[in-house]
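A.B. asks: I have a structure here, written as structure tokens, and I will follow up with some questions on it.
All of the numbers you see were taken from the coordinates with simple rules; none came from a lab. A quick note: this is a predicted structure, and the numbers were derived from the prediction, not measured. Cβ placement follows ideal geometry from the backbone for every residue including glycine, while neighbour counts extend to all protein chains displayed.
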């Protein structure tokens, strides 16, 4: 916790790649390795970076067996808990590509739109910035089989960046395409390794600064 009373609040709202899932072991990456930790170290005491990552989180789609992973259900409480918010970073969409939900890329982009509109409504009157990050594309990993729920994700995830960028532009948000500098071929195909977290943290810091 950053106790500097003048620190700007940065909320990182995402899934397991924000939570810090290790693609090689069933464990969480250390706090200083996760992109949120890298971001905090770069920004320093003038900012408080708060990680709101949840393994398996979607925008709006709901798994009846795991309803708590439906992001929109808990977003209001996340925003209320952390107010006042200076910057909120949204990086979701990978789990929405699972065949579990049967969503098209247009559906996912629309869910992003609904999420951003919800955030803007909840933070209305606040001088808050929103940064939309399109997650790195899902790929077929080089050394193992891709999760069967993501069988169509390698091709569909490549269609998301222009849709995300349009939503961000239309709603006045900042935008970053993680696929331009992160390739997940040498991981499990959809989780970032430590070197990717470092790159993403640095890129996000450059946008914020």
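A.B. asks: May I ask you to sort 58, 100 by Cβ crowding, counting other Cβ atoms within 10 Å and putting the fewest first?
C.D. replies: Ranking 58, 100 by Cβ neighbours within 10 Å, fewest first, gives 100, 58.
A.B. asks: Moving on to the next point. Rounded to two decimals, what ratio of Rg to Rh does segment 78-209 give with C-alpha atoms and a Kirkwood Rh?
C.D. replies: Reported Rg/Rh (Cα atoms, Kirkwood Rh): 0.98.
A.B. asks: Shifting gears a bit: Residue 185 to residue 68: FRET efficiency via 1/(1 + (r/R0)^6), r the Cβ-Cβ distance, R0 45 Å, to the nearest 0.05?
C.D. replies: Rounded to the nearest 0.05, the efficiency is 0.90.
A.B. asks: In a Gaussian network model over the chain where Cα atoms closer than 10 Å are linked, find which of 65, 156, 186 has the largest mean-square fluctuation.
C.D. replies: Between 65, 156, 186, it is 65 that shows the largest mean-square fluctuation.
A.B. asks: Have a look at the DSSP beta bridges in the chain and tell me what percent are antiparallel, nearest 5.
C.D. replies: If we restrict to bridges inside the chain, about 5 percent are antiparallel.
A.B. asks: Taking Cα centroids, how far is segment 19-54 from segment 81-110 in Å?
C.D. replies: 19 Å
A.B. asks: Something else now. Provide Rg over Rh for segment 74-143; use the alpha carbon set for both Rg and the Kirkwood Rh (inverse mean inverse pair distance).
C.D. replies: 1.05
A.B. asks: How do 133, 72 line up, fewest other C-beta atoms within 10 Å first?
C.D. replies: Starting with the residue having the fewest Cβ neighbours, the order is 72, 133.
A.B. asks: What ranking of 1, 192 emerges when the number of other C-beta atoms within 10 Å of each C-beta is taken as an exposure proxy, fewest first?
C.D. replies: Arranged by neighbour count, lowest to highest, 1, 192 become 1, 192.
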